[in-house]
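Data first, discussion second: the structure below is written as structure tokens.
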Amino acid sequence: MNKVILVGRLARDPEVRYTQSGKANATFTLAVTRYGKNNEADFINCVAWEKLAEIVGNNLLKGSQILVEGRIQVRNYETQDGQKRYVTEVIAQNIEFMGSKQSKPSDGQADNSGANSFGSEIIPDDTDIPF
């Protein structure tokens, strides 16, 4: 079974691109604090596709706290100089928004209603989790 669940914050704004066939693709980096380590984090590359990619691009910003459920994928490619490179990333299958909703910098005000675009319940901050 290949399944991963991560909770963290976006290290930068997501990048949304479209394939030649029109499929949306969002890439983002999730900063995940190591268990028991306050100042150490792992930076995990994540990819979302199609409708989920559009939701990510329209609703998430650097610093947004999310839960990502997906699978680990390892792929390889060859550079222009002939070297083989390997990339490990999480292919997101579900994303839950956590914490308060952030707004884009252009409107100047944050919406702290705590609602997320999926209409599901809000998961408490990790400081409220008893483990």
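Values quoted throughout were computed directly from the atomic coordinates according to the rules given, and no laboratory measurement underlies them. Because the structure is predicted, anything quoted here is derived from the model rather than measured. In this analysis, Cβ positions are derived from the backbone assuming ideal geometry, glycine residues included, and neighbour counts consider all displayed protein chains.
The label-point distance for residue 61 and residue 40, in a model that sets each label 7 Å from Cα toward Cβ, rounds to 3.2 nm.
Approximating the spin labels as points 7 Å out from Cα along Cα→Cβ, the residue 3-to-residue 91 distance works out to 1.7 nm. List, in order, the whole-Hz ³J(HN,Hα) value for each residue of the range 63-71 obtained from phi through the Karplus relation with A = 6.51, B = -1.76, C = 1.60 and θ = phi - 60°; use x for Gly and Pro. Result, rounded to whole Hz: x, 4, 9, 9, 10, 10, 10, x, 9.
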